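Shown next, in structure tokens, is the structure this report addresses.
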Amino acid sequence: MRLRHIRGAEESIAASPYVVQNPEEEKGRWAERFGNANPIEIEVGMGKGRFIMELAQKHPDRNYIGIERYSSVLLRGLEKREQLELPNIWFMCIDAKDMADYFEKGEVSRIYLNFSDPWPKDRHAKRRLTSPDFMKVYDQILAEDGVVEFKTDNRPLFEYSLEAIPAAGWKIVRHTFDLHHSEMAEGNVMTEYEAKFSAEGKPICKLVASR
Ligand code: SAM
């Protein structure tokens, strides 16, 4: 995502009633924050948040947390959030590599990775959200039957992930190289990037991984 710093973004995030301000205090207590014990699903790198807010509207019986590390990007999501009545979603402005500081083991039921930055250079492979280092973080917070769902238009990143995820000890439960023309399309909710790339005719890849 092209990043332009927006003046005052940090201050707006710090004052927002939709953003969890001290997430380390919530570790093991998310059910209290949501006021129920519904399953918790996280999107890592939510961007402007179209996907996670649509999910929250569709599934009032689940809880959602959108994670975005850049305040200028999260700010765009907050503008949309202000127009919606949604009791089942929170946002956090954090780096996903630190998620185990904010969630107890088993506290999360599903993690969505959508159109994650590809980091094509080998020396940056550790930054990919499907790298073994990140899979280890997800392992620390997901329930035993928890899953990771990953969508991308980037074929090299997808092929890397099909190898890296099993190498990290996970199973690829399902995958497709053309989501919108596969049986995995049922119930699919599009992200901002997905809408843009599929309008350009690019096939969308998706995998679901579990342990
Ligand atoms: N998921 C959205 C979509 O599909 O439209 C946005 C995709 S955008 C290419 C990827 C987003 O992930 C960016 O906003 C980036 O800042 C965020 N991101 C990348 N690495 C992250 C990390 N380690 N922690 C939190 N956010 C991250």
Dipole in debye (nearest 20) - the range 100-186, about Cα centre, beta carbon charges: Lys, Arg +1; Asp, Glu -1:
380
Between ASP178 and TRP119, what's the calculated FRET efficiency when r is the beta-carbon distance and R0 is 22 Å? Round to 0.05.
0.40
Could you rank PHE177, PHE158 by how accessible they are, 1.4 Å probe, largest area first?
PHE177, PHE158
Of all DSSP beta bridges with both partners in the chain, the antiparallel percent, nearest 5, is 35
Scan around ILE42 for amide H atoms under 5 Å from its own, H built in the peptide plane at 1.01 Å from N, and keep only partners 5 or more places away or cross-chain.
ILE65, ARG110, ILE111, TYR112
Quick one: putting +1 on the C-beta of Lys and Arg, -1 on the C-beta of Asp and Glu, what dipole do you get for the chain around its Cα centre, in Debye to the nearest 20?
620
Multiplying the sequence separation of LYS126 and ASP98 by 0.36 nm and subtracting their Cα-Cα distance, what value in nm do you get?
8.7 nm
Just in the range 107-201: which GluC sites (Glu not before Pro) are loop by DSSP and have at most 10 other Cβ atoms within 10 Å?
GLU186, GLU200
Cα gyration tensor, the range 50-174 - rounded (a/c under 1.5), prolate or oblate
prolate
Under the Karplus curve 6.51 cos²θ - 1.76 cosθ + 1.60, θ = phi - 60°, whole-Hz ³J(HN,Hα) for the range 49-66, x wherever Gly or Pro sits:
x, 3, 4, 5, 6, 5, 4, 4, 6, 6, 10, x, 8, 10, 10, 10, 9, x
Taking 8 Å as the Cα distance limit and 6 or more residues as the minimum spacing, I'd like the relative contact order of the chain as a percentage.
20
Determine the distance separating the Cα centre of the range 152-211 from the Cα centre of the range 1-74; give it in Å without decimals.
23
So what's the back-of-envelope 222 nm ellipticity for the chain, counting only DSSP H runs of four-plus at -39500 (n - 2.57) apiece and dividing by all residues, rounded to 500?
-8500 deg cm²/dmol
Percent carbon-and-sulfur accessible area, the range 36-150, ignoring ligands, DNA and RNA, probe 1.4 Å
47
Given Cβ charges of +1 for Lys and Arg and -1 for Asp and Glu, the option among ASN88, ALA125, ALA100 whose Cα lies farthest towards the positive end of the dipole of the chain is ALA125
Given a 1.4 angstrom probe, what's the average accessible area per residue across the range 97-211, in square angstrom?
51
Expressed per residue, the solvent accessible area of the range 46-89 in Å² (1.4 Å probe) is about 45
Beyond 32 Å between alpha-carbons counts as too far, so tell me which of LYS27/LYS202; LYS80/LYS121; LYS58/LYS121; LYS58/LYS171 fall in that bin.
LYS27/LYS202; LYS80/LYS121; LYS58/LYS121
Peptide ranges 132-142, 81-91 listed from the most packed, as the mean C-beta count within 10 angstrom indicates
132-142, 81-91
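The values are calculated or read from the model by the stated rules, or taken from the named source; none is laboratory data. Owing to the predicted nature of the structure, the values given are computational and were not obtained by experimental measurement. Positions of Cβ are generated from backbone atoms using ideal geometry, with glycine treated the same way; all protein chains shown enter the neighbour counts. Note: accessible area is taken over every heavy atom of the protein model, side chains too, but ligands, DNA and RNA are not part of it. Shrake-Rupley method; radii C 1.70, N 1.55, O 1.52, S 1.80 Å.
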